[in-house]
Each structure stands twice: as C-alpha cells, then as structure tokens.
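A.B. asks: My questions all concern the structure below.
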Amino acid sequence: MAAFVIRRLVASVFVLLAATFLMYNLVALSGDPLEDLRASNAPNKEQLIESRIKLLRLDVIPPLRYFLWLGGVFQGDLGLTVQQRSVNALLEQALGSTLQLVTIATVVAIILGLTVGITTALRQYSGYDYTVTFISFLFFSLPIFWVAVLLKQFVAIGFNDFLEDDPQLPVWLIALLTIAAGLLWASIIPGALRRKIITFAVAAGATASMLVIMNLIDWFSYPGLSIVGVAIIGIGAAVGLTALITGLKNRRALYAALVVAGLGLALYFPFQFGISYSITEWWMLVALAIASVGVSLAIGWFMGGVDKGPVMRVAAFTGFFTAGAIALDRFMMVWDDYASSGRIRGRPIATIGSSTPNLEGSLWVQGVDIYTHLLLPTLALILISFATYTRYSRASLLEVMNQDYIRTARAKGLAERTVVVRHAFRNALIPIATIVAFDIGGIVGGAVITERVFGWTGMGALFQNGLDQVDPNPVMAFFLVVGGLAILFNLIADLVYAALDPRIRVN
Amino acid sequence: MSNLNAPVPSGGVTDAENNIANKEVEGLSQGQIVRRRFFRHRGAVVSMITLAFIVVLAFSAVGFDFSVFGVQVKTPGWWQWTWTEIPTAQNGGRPTLSLVPEWMDGEGVRFGDHPFGQDEIGRDIFAVVMRGTQQSIVIMVIVGLIATTIGTVIGAVSGYYRGWVDSVLMRFTDVIITIPLIVIGAVLGLAFGKLGAFVLAIIIGLFTWTGLARLVRGEVLSLREREFVDAARVAGATDRRIIFKHILPNAIGVIIVNTTLLMAAAILLETALSFLGYGVQSPDTSLGKIISENQSAFATRPWLFWWPGVFIIAIALCINFIGDGLRDAFDPRQKRLPSARALAKGNSGGLDRAAVVVTARGAGMQGGGDGAGGVGLRGFDADDPRPRGGGYDAARDPKKDS
C-alpha cells in the first residue's frame, strides 16, 4: 500500500511537471504579450515595451522561461502579472471566492443527485424513472451560459418583480404545484392503485394547504418557519430518519430522536431572541452546529441501550436537521430588513457579483446577502452536475440490487428497507465515492463559465484575464491549483476505492 | 461483447426464458442484432430522425461555405437570405414565424420573410443560426473522428503491449487529462480560432481522446487474455492484425458509445469556447457566439437568444439519446428478458412461480459469467426480473479501466 502511494505520488509529480510545461508554453505562444503596447500611441512606447520585456522576462524563450517560473514556484513565488500585481495575493482571493461558489453547489448536487438516482433505481421503468431519465439527458445537453441567462431573466428578475408589491401566489401556480407534488409522491411510494390514489391525495392536500397558508400569512414578504415549522421539521426528521435508518420498531432510536428534536424546540425561543444576537462570527455558528451534533450523539449514546451505533446516528442526523431549521428560521427573520434595506431596495435576488458592497448588518444579514448572491450560480451549477450524479447512482444501485447477496438477504426474510439501506445502498456508494472524489478535484476549474456569466472574480477570472493578456503567470497559478487538485484527488479516489472495496487490490 | 453468442443453458424455465430471448436473434449476424435493438429504442430513433432533419436543414438552407487550408467550397442555399446579407429590419426584427392556426385565433401557420427574426442591424437570424448549426455539426464530426482514432489507437496499443509502452502512453494520457478541456480549448482557441472551424475542430480533437483511450485500454486488457486471441497468435497473425481484426471489433460497442458522448461534449465545448470568445471568430459565426453577442439583448430581442440555444440543445440531446440507444443495443446484458410476471402468468399457479425463481439462477450465472469489466454476477431476480437498465456505468465509469 505504502509503496503504491509513493509510486503514484512520484508519478503524479512528473505528470504535473509535464502538464505545467506544456501549459506554460501553450499560453506563452498563444499570442503576443506586447500587442496592446505596440498598438498604443504613448510617446514612451519603446520604453514601456522595454520595461514589460524586462518584467516578464520576454527576452528568454518560453521553454526556458518555464524553468525560471518553476524556480520561483519552488520558492513559493508565483510571479507578477502584467499589471505588476502579486499573483500569490490574487490567487488567494480568487480561490476563496471560487470555493465559496462551488462548495454549496457540489454538496447540494451530490445529495439531490444521490436521492433522485436511488429513488429512480428503486422504481426502475416507472413513469418517474422515465421522466427523470429524460430530464437528466436534457440537463446534460444544456449549455450552462444559456441556462444562466434564463435564470437571470426568470428566477432573478421575475422573482424580484413578484416580490415588488404584495406577493401572492396565483391560483394556477398553486394548482400546478399541487398536482405535480401529488404525482411525484404517488410515483415514488409503491403500492396498489388504491394506495397510490391515497398517496396522491395526501401529498396534493399537504402541498395545497401549505401554499395557501403561505399566501394567507404573506409568507413571501415575511418568510419564516416559526416554532411550528421548526417542530414539523424536527419531529418529521426524527420519525423519518428513524424509519429510514433503523426502522420504527426500534423504539430506543425513535425516543432518542424525539428527545433531540424536543430539546431543539425547547431551545428555540432562547436562541432566536437571546443567544443568536451574541453570535457575531461565522466560526461561532460552526461551533454551535458541531455542539448540537455532539449533544445529539451524547443523547443517542445514553439512550442507545445495547445497540448504540444506529441510535447515535439517528440522533445526530435529527439534531443536525433541527438545528439547521432553527438557524434557517433565524436567517429568514432578517429577510425583511435585508430586502428593504437601502442597498437592496426591494430587489433581493442578485444577478451579478458575490456580495453587496458596503452592506451593513449582523452576521445574519450578511448570511442572507451571501444566499441571494449564491442562489443563481448555484442553481446553474446544480442543474449541470445533478444529471451526472443521478445517472451514476441509479446505475450503481441497479447493479448492486441485481446481485446474489441481495436475493439472499431477501430470502432470509429481511424487510425491504433493511435490504436496500443496509445491504444495497452502502455498496452502491462505493463507486459514487470515487466519482465524488474526482469531482471535488475538478470543481475549482469547472466553474469558469459560470463565474464569468455571474460576474464572480474567482479562479475563472484569474485564468481568463491572464489568457487575454497572454500573461502566463496568473494562468499558471490557476492551472497549478486546478491540475494539482485533479491529480491529488485522482489518487485519493483510487485509494478510497481500494479501501472501501476489498475486491480491488492496489499494487 | 462476444458473450452474445454464449451457449444457451438448458433446463426448466431458464430454457423457456432463453428461447423467447433467442428466438428473436436466431440466424442474425451481430450487426443485425445490434441494429434491431437500436431501432427498438424509440428515443434513439426519434433523435436520429430529428438530427438528420437538422443536418439537412442547416446544410441546404444557406449552402456550404468553408475554406479548408486555402481550398474554398461554396454552394448556394435555398433560403432567400444568406447569413452575411443585411436586409432592412421589418417590424423591429420580430420573428415572422407563426404556428398557431387561424381557427385558434392565431395568425395562421406561416413562415414569413424572417421566421426567426432579425438582429439589430437586420441580419436574418434563421440564416445566421443555420450557419452556426453547420459550424457546430462540422466541429462535432471532426472532433469525433479525430478523437476516436487517436483514443482507440493509443488505448489499444497500450492495452495490448502493456509494460513500458503502456506506462509511457498512460502517463502521457494523464498529462493531457490533467488539463481541463475548457482551459486547453481556450488557450488553443485563442491561437487557432481565427483559422476557422475546421482547424479549431482538429485542435479540439487532438485533446479530447483521453477518456476513450483509457476505456479502450481497459477493454483491450481483458480481451487480449481471451482464447480467440491466443488462437490468432498461434495461427501466426501479426500484432497489428490481432489488434485491428480480432480485438478492436470486439470493443466496438464501447468505442461507438463513447464517440457519441464525446461528440455531444464537443458541441457543448465549442459553444462554450465561442461564448468565452476563444472559439470561432468574426466574421464567421457559431451558435455559442450568437448567444454571447446577444445575451444582454434578452429583454428586448429574446429570439436572438432562444433559437441558437434551442439548436444547441436539440443537437446535443439527439446525440445523447442516440448514444443511449447504441449502448442498449451493444450491451448484451441489457436484453429485455420477458418479465417473470409474464412468464409466471404463462404458467399457472403459485407453484410454477416458485419454480421460476429457483431455476432461474442458472440464467443468472450464464448472463453474468464473463461480462467484460463487470463485477460479480448479474442474476435473475424474482421481484424485479428485468436486467439492469441503461445507465452510465459501463461506458463512463472511470474505474472500469484500471
């Protein structure tokens, strides 16, 4: 194993060196870095050209200049741009901005894609399966820049117009959503026709009543979950997760999850109108999230009895969801302040940039600001990668479900839930894990177009500005990060696969 | 792919089941079987017809106009405007296409002078979009050809010879694969985009073969251990003959399926590059470039934006569906067995149903025994009898190659 890792690492270093060499020369030879100066009418043109040649060492031919650059990299210096700014500083800023953009999109796309892929695999060849298949093919074929413009027009501008005066959902939209929700649930939940009809009615009724209530309480102007919403989410999570992970027959797990949800509810008012005001830094929020999961784990441990593991898992997930709902509610509370503030002027969904300049307010207001700016690019990114994850997880689960040991598990008389969750799902995750590792390696470089459309100054801008000016240094800084991450995660993917699947041996 | 010809297991219901499956393919060559399966995939057939229609429309409407390395090819089209002509704008450039017939209170079905509208200086968008579609299709085909050739050869050589040849070629592949496509496309497009769509396509093709090479290598690695390759070697066949006549025809499914996926990716890559300004350059045009130029005009002239986008999606979607159909057609594991319910219904009573479940194990063993690259056995299942459906696994799973 160690020998394998070392050999792969050494090979990776050489691959990266070769790739950077290739890339450097391609960038350096892609155009004339002095073009803008040659065309200018400045009186000191010759002098400017002279100084730029000196700055970028243009007197050295590109293959040799690469080694000058490489020498700098080994000393931690990525060089200067044409404008004489430090690439290190630019890279740091760009990387932060891009990570902020792609992290949430990737996480959401993975969770959504996995969920949808698994449900389609379990309902193979159903109407739901065919619909999702068609939709994922469609998403595969969408050019992201085209989607982005549509999102700007219909989601941002349309939604902002909707919010402008007395937002009320029109009746036809409520009817449409109601029918869609009913059909969706009826096609996912198995059963005979009678049960399907009941499912349809329940889902449609719940959706319709929720939307009508939202209209009645003017939800779109003053969004919030209130303690009722948090209670529904917390108790729903407790029951749902118990049913999913251990089955409702495991009373210990159910009670532990309900205790966690109850604790969350008990802390709702103290948090919303007390504790939350003293949270002024992001790390405090993260610490609170960790603390709530920790407390949930402890509750699970104490109530777990002989079989602590699954109970702790159920409790921890319930705690996470309940705490998340409370935090979400807190963010929603400042929505009205945010939307009507002087910098926003009632049009909250942003179409460009990564934050509102000069926006003042608490951490919660800043959070809402980040959310409104992330919404569109995240949607665009999710649309694209959602399709891949859906197809992969569907194929993976189908492959596992057709194996002999699944039939054995069923033959033993295990419940279908146990067969799917315990036996099939875990093994289906193995190939997904490697794909996720690949994708994480690729996300930093994958958002070039999205960043450009939504005006984020991240890695994509670093790359593009550098390339437009035939300036290898920023382009190479971009590539060093992107290529390095790709190679690193490639290695990690192989190791994860070997670690998870004993059938694969690395040597 | 050769387990299409696997012997039919005998015994009980397995026999009945395989008889139904085999009756359809009796006396047919593999090509015929594949073709027949492909034409049964409705989505793929519809896509193929749509794509053919788009191709004919695009190339006949405004005529060819390409210059390859100095050789000019130019033919007239049947459409009244060319994509460079600038007629005067009518009615604010609004599209004259109308599909709502008069009896539905519409303006009647008509195309008018400018069915897709005009841009701000008056160019006919139908002609411009057709020109862009031509470019996209040309790029797609050339990229497909070049990338497939390079990928197949490198993958086959590396998988067949193994050893240091394999190491060198695969490390070379790693180097290329490390550079994101959009990045290398942008860098090269900046340098070569001015030379026209052909050169751009060749350049893109030179860098998009990596995934295919890995897949072909994996396929060849497993195929070269098979008996028919030993037989060919004993008969005195040269390496070249073994690779091209014996091994590659057996890997044709993987190659064709991935070529289609690659072509769909190429079309999106080209439009993305043109959108960023590194692809096809003015005065020529492409679908991505039209969108890029007009994205700010969405509020005032949305047709400048809708039509090129619709054509990009239509082409990519068609290619993806055709690829899906081909995958189903080439993968012997994907054959749709008659369902257990149908079989059980044919027999009578619950006892026979149980017999189906028990004896069907044999079929499962047979089907999954030597599936290329597959892990474990793909059995027959009482609750869900259909074999694994079309997924992206076999063709796109990056782990299948190593």
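Each reported figure results from applying straightforward, stated rules to the coordinates on display, with no laboratory input. Treat the numbers as computed from the prediction; the structure is a model and nothing was measured. Note: ideal-geometry Cβ built from the backbone for every residue, glycine included; neighbour counts use all protein chains shown.
A.B. asks: Mind ordering A:12-18, A:215-221 by average Cβ neighbours within 10 Å, highest first?
C.D. replies: Listed from highest to lowest mean packing, they are A:12-18, A:215-221.
A.B. asks: If you don't mind, another one. For the stretch A:230-323, which trypsin sites (Lys or Arg not before Pro) pass both filters: DSSP loop (anything but H, G, I, E, B) and at most 10 other C-beta atoms within 10 Å?
C.D. replies: Passing sites in the stretch A:230-323 are A:249.
A.B. asks: While we're looking at this one, here's another question. Around residue B:118, which amide H atoms from residues at least 5 apart in sequence, or from another chain, sit under 5 Å from its own amide H, with H modelled in the peptide plane?
C.D. replies: B:94, B:125
A.B. asks: Averaged over peptide A:11-20, how many Cβ atoms belonging to another chain are found within 10 Å of each residue's Cβ?
C.D. replies: 4
A.B. asks: How many Cβ atoms of partner chains, on average, are near each residue of A:402-410 if near means within 10 Å of its Cβ?
C.D. replies: Going residue by residue through A:402-410 and averaging, the value is 6.
A.B. asks: How crowded by other chains is A:393-401, given as the mean number of beta carbons from other chains within 10 Å of each beta carbon?
C.D. replies: Partner Cβ neighbours, averaged per residue: 5.
A.B. asks: Run the dipole for the stretch A:353-423 about the Cα centre, Lys and Arg Cβ at +1, Asp and Glu Cβ at -1, nothing else charged, and hand back the magnitude in debye, nearest 20.
C.D. replies: In total the dipole reaches around 600 debye.
A.B. asks: So, one more: Which is farthest toward the positive dipole end of the stretch A:1-124 among A:58, A:84, A:9, measuring Cα position about the Cα centre, with Cβ charges +1 (Lys, Arg) and -1 (Asp, Glu)?
C.D. replies: It is A:9, whose Cα lies furthest towards the positive end.
A.B. asks: Roughly how tilted is helix A:472-500, in degrees to the nearest 10 and between 0 and 90, from the longest Cα axis of chain A?
C.D. replies: Approximately 40 degrees, to the nearest ten.
A.B. asks: Continuing with the same structure: Beyond 32 Å between alpha-carbons counts as too far, so tell me which of A:45/B:194; A:45/A:152; A:308/A:412 fall in that bin.
C.D. replies: A:45/A:152
A.B. asks: While we're here: Taking N as the number of residues in the protein assembly as shown, what is its alpha-carbon radius of gyration divided by 2.2 N^0.38 Å?
C.D. replies: Relative to the 2.2 N^0.38 Å estimate, the protein assembly as shown comes out at 1.02.
A.B. asks: Okay, moving on. Given A:25, A:292, A:464, which one lies farthest toward the positive end of the charge dipole of chain A, if we put +1 on the Cβ of every Lys and Arg and -1 on the Cβ of every Asp and Glu?
C.D. replies: Ranked along the dipole, the leading option is A:292.
A.B. asks: Normalised by the residues of the stretch A:328-478, what does the relative contact order come to in percent, with Cα pairs under 8 Å and at least six apart?
C.D. replies: Relative contact order here is 20 percent.
A.B. asks: Restricting to Cα pairs below 8 Å that are 6+ residues apart, what does the relative contact order work out to for chain A? Please round to a whole percent.
C.D. replies: About 25 percent, as a whole number.
A.B. asks: Now for a separate question. Give me the net charge for the shell around residue B:280: Cβ to Cβ below 15 angstrom, other residues only, Lys and Arg +1, Asp and Glu -1.
C.D. replies: For residues surrounding residue B:280, the net value is -1.
A.B. asks: Can I ask one more? So, counting K/R as plus one and D/E as minus one, what does the shell of residues with Cβ under 15 Å around residue B:74 add up to?
C.D. replies: -2
A.B. asks: Another question, if that's okay. Projected onto the charge dipole of the stretch A:318-464 (+1 at Lys/Arg Cβ, -1 at Asp/Glu Cβ, origin at the Cα centre), which of A:403, A:370, A:353 gives the Cα projection farthest towards the positive end?
C.D. replies: A:403
A.B. asks: Mind putting a number on the dipole of chain A about its Cα centre? Charges go on the C-beta only, +1 for Lys and Arg and -1 for Asp and Glu, and I need it in Debye to the nearest 20.
C.D. replies: The calculated dipole for chain A is roughly 2220 debye.
A.B. asks: With +1 on the Cβ of every Lys and Arg and -1 on the Cβ of every Asp and Glu, and nothing else charged, how large is the dipole of the protein assembly as shown about its Cα centre, in debye rounded to the nearest 20?
C.D. replies: Result for the protein assembly as shown is approximately 3080 debye, rounded to the nearest 20.
A.B. asks: Count charges around residue A:347 for me, please; just the other residues with Cβ under 10 Å from its Cβ, Lys/Arg as +1, Asp/Glu as -1.
C.D. replies: -1
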